[in-house]
Each structure stands twice: as C-alpha cells, then as structure tokens.
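Report on the structure given below.
The values are calculated or read from the model by the stated rules, or taken from the named source; none is laboratory data. Not measured: the values here are computed from a predicted model. Accessible surface areas use protein heavy atoms only, side chains included; no ligands, DNA or RNA. Shrake-Rupley method; radii C 1.70, N 1.55, O 1.52, S 1.80 Å.
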Amino acid sequence: MTEDQNRRISALDGKINELLALCDRQKTDIGALTLKLEQEKTAAQQVREEFQALKTKHRDLLTAHIISAGPGDDVKSARKRLVNLVREVDACINYITLLNG
C-alpha cells in the first residue's frame with residue numbers, strides 16, 4: 001500500500017473510532033433519559049392519585065358542609081335535610097333498579 005492509502009485508512013479508522021465513541025455516549029444518554037422518563041411517569045401517577053384523593057375529600061367536605069350548615073343551622077333542620085337527602089337517594093336507587101330490571 002502507498003503512503004496515501006495508509007493515511008486514508010488511518011483517517012477512516014480514526015473516524016470510525018470517533019463514531020463508536022459517539023454511539024456509546026448516545027447509548028448512555030438514552031439509558032439515563034429512559035430512567036428519568038420512568039421516574040417522571042411514576043411521579044406523575046402519584047400526583048394524579050393524590051389529586052383524585054383530594055378531589056374526593058373536597059367533595060366529601062363540601063357535602064358535609066352543605067348538610068350541616070344550611071339555613072337555620074340547628075339540629076332539627078340538619079336532620080330534616082339529611083332525611084330528605086336519604087329519601088332522594090332511595091328514590092334514585094329505585095328508579096335505577098326499575099330501569100335495569
């Protein structure tokens with residue numbers, strides 16, 4: 001081989017080594033990013049679960065407030081409102097039963 005061919009082969013060998021090193025760095029980066037993505041997915045799922053729990057708690061507290069803090073704000077009126085709510089729920093259950101029956 002001539003000196004020119006040896007120089008070209010050497011240059012090609014160097015570029016191939018650079019390309020292999022770049023591939024290794026990319027594989028490492030991809031692995032790190034994949035791990036980070038999984039961690040972020042887990043964190044997002046935890047936030048969604050916490051949001052749903054807080055949403056349920058808020059709805060329950062709002063319902064409790066409506067039941068307990070209506071007009072008149074005494075025990076008799078609260079009991080009456082609660083009885084009416086129970087009757088409405090029973091009526092809804094009966095209606096759903098008739099629809100499904």
_Residues of region 55-70 satisfying the condition of being in a helix (DSSP H, G or I), open to solvent by less than 100 Å² (accessible area, probe 1.4 Å) and not acidic (Asp, Glu)_ = THR56, LEU62, THR63, ALA64, ILE67, SER68
*Among the residues listed as ARG81, ARG48, the single one being at pLDDT 80 or above and in a helix (DSSP H, G or I)*: ARG48
